[in-house]
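Heads up: the structure comes next, in structure tokens.
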Amino acid sequence: MAKKNKPSLSLSHFVGVVVFSLFFVPKSVLGVKQELRFGKNGEFKILQVADMHFADGKTTPCLDVFPNQMRSCSDLNTTAFVERMIQAEKPDFIVFTGDNIFGFDATDAAKSLNAAFWPAIESNIPWAAVLGNHDQDSTLSREGVMKHVVGLKNTLSQVNPAESHIIDGFGNYNLEIGGVKDSCFENKSALNLYFLDSGDYSTVPAIPGYGWIKPSQQLWFQRTSAKLRRAYMRQPEAQKGPAPGLVYFHIPLPEFASFDSSNVTGVRQEGISSASVNSGFFTTMVEAGDVKAVFTGHDHLNDFCGELTGIQLCYAGGFGYHAYGKAGWSRRARVVVASLEKTEKGGWGAVKSIKTWKRLDDEHLTAIDGQVLWSKSRAGVRRKKQVGDAE
């Protein structure tokens, strides 16, 4: 009987195994929920990256840069910017708010997604992503893109909430940021993050333009917000109101058009490319009572924050080099830091303030437009004034 030879592993097989292990989470640990919580310094820092428009890497040219930059500029400049931001800010969490790849120019969607998110994957920092209106224009559908993202290492992204059997879109989910370990808020979510799929384009023939956040998504948001409020206001350490919430999606709401240069921090250099109909999500957030700020992308030349009815509406500004921009106006990213208050016993308690700034992709990663988005003390004064006016 002839002796059977053991099958040999080819180089391509070896490379495939290495690539899989670098990018993807083993199935055995997909069910493990990574814990997010405030650090021992009482802070939680979030880096927002909007509109990378990644395509095929070094062969993909930059848009809207000076002529002398064109020869050496590519998607790799976008990658380098993400890496610089991670190194400079050392965020606790990274959020990619859509148009992560520019599907029309991405030969292979999976490979482009892997490359686009590689700096976050390599950093071992937890990250999450939502879809824009261009992510699905390559070789994967919107559902396919989100399923691929969910399988990548270190991501906390979800295709959709398990408890919602019928919900529009892909990438609707929430994450809870726990209080400091061994503090009285250790088992409470001190900060809540909501992520929604704002769609791509209208599917209603009579309504032109971009997509919007649908009633099924708003119902999920309302129920989730109410559940989180109840948990936060229960013992132990029962609170008088909800924990602050931050909301991330791609396409701005029509309410972003409420501002001009006189009442924002940052700049508005182009129109607000929202849906042509108002689906009422802003009102839904106001009624929920916990949302302090909304963060979007989509309009690359806008990077402002403006407050409307107690909610800050913020753009991040364009990040990617294969995305449209303006020569001489630096690509940029937004940073948000939530800080906790000290308790009477000297420990860490609830969130006392939420601050933001942006960094430019220039020689010094210049920080600009620092501002307080929300503070507990200011909110308390506002509530007292409203009560006084009512009396």
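The values are calculated or read from the model by the stated rules, or taken from the named source; none is laboratory data. Remember, it's a predicted structure, so these values are computed and weren't measured experimentally. Note that each Cβ is placed from the backbone with ideal geometry, even for glycine, and that neighbours are counted across all protein chains shown. Heads up: the accessible areas ignore ligands, DNA and RNA and are worked out on the full protein's heavy atoms, side chains in. Shrake-Rupley method; radii C 1.70, N 1.55, O 1.52, S 1.80 Å.
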Between region 218-254 and region 301-362, what is the separation of their alpha carbon centroids in Å?
20 Å
Please compute the per residue accessible area over region 43-375 with all protein chains in place, 1.4 Å probe, rounded to a whole number of Å².
39 Å²
Excluding ligands, DNA and RNA, the carbon-plus-sulfur percentage of the accessible area of the chain with a 1.4 Å probe reads 55 percent
Report the charge-dipole magnitude of the chain in Debye, nearest 20, computed about the Cα centre from +1 at each Lys and Arg Cβ and -1 at each Asp and Glu Cβ.
1460 debye
I want to verify a result. In a Gaussian network model of the chain, Cα cutoff 10 Å, which of these has the top mean-square fluctuation: G317, G241, G306?
G241
Reported label for calculated Rg and Dmax of the Cα atoms in Å given [x] 20.6, 65; [y] 21.8, 99; [z] 24.5, 99:
[y]
Residues in region 304-346, backbone N under 11 Å from the label point at A88 (7 Å along the Cα-to-beta-carbon vector): list them, ranges by number please.
331-335
Testing the spin-label approximation: label points 7 Å from Cα along Cα→Cβ at F24 and N68. State their distance in nm.
4.6 nm
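Compute the relative contact order of the chain as a whole-number percentage, counting only Cα pairs closer than 8 Å that sit 6 or more residues apart in sequence.
17 percent
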If the limit is 31 Å between Cα atoms, which of K147/K326; K90/K326; K111/K355 go over it?
K147/K326; K111/K355
Find how much the distance from A367 to K227 grows on full extension, using 0.36 nm per residue of separation minus their present alpha carbon separation; answer in nm with one decimal.
46.7 nm
Residue-averaged 222 nm ellipticity for the chain, from DSSP H runs of 4+ at -39500 (n - 2.57), nearest 500
-7500 deg cm²/dmol
Taking a cut-off of 14 Å between Cα atoms, list the aspartates and glutamates near K358, but don't count ones fewer than 8 places away on the same chain.
E89, D303, D369
Theoretical gain in end-to-end length, N278 to T203 [0.36 nm per residue, Cα-Cα removed]
25.5 nm
What ranking do 42-49, 76-83 get when scored by the average of other Cβ atoms within 10 Å per residue, highest first?
42-49, 76-83
Work out the charge dipole of region 43-375 with +1 on the Cβ of Lys and Arg and -1 on the Cβ of Asp and Glu about the Cα centre, then indicate which of P205, G98, Q239 is farthest towards its positive end.
Q239
Sites K147 and Q34, calculated FRET efficiency, Cβ-Cβ separation with R0 22 Å, nearest 0.05:
0.75
Label model pair K58, Q239: point-to-point distance (7 angstrom along the Cα→beta-carbon line) in nm is 4.8 nm
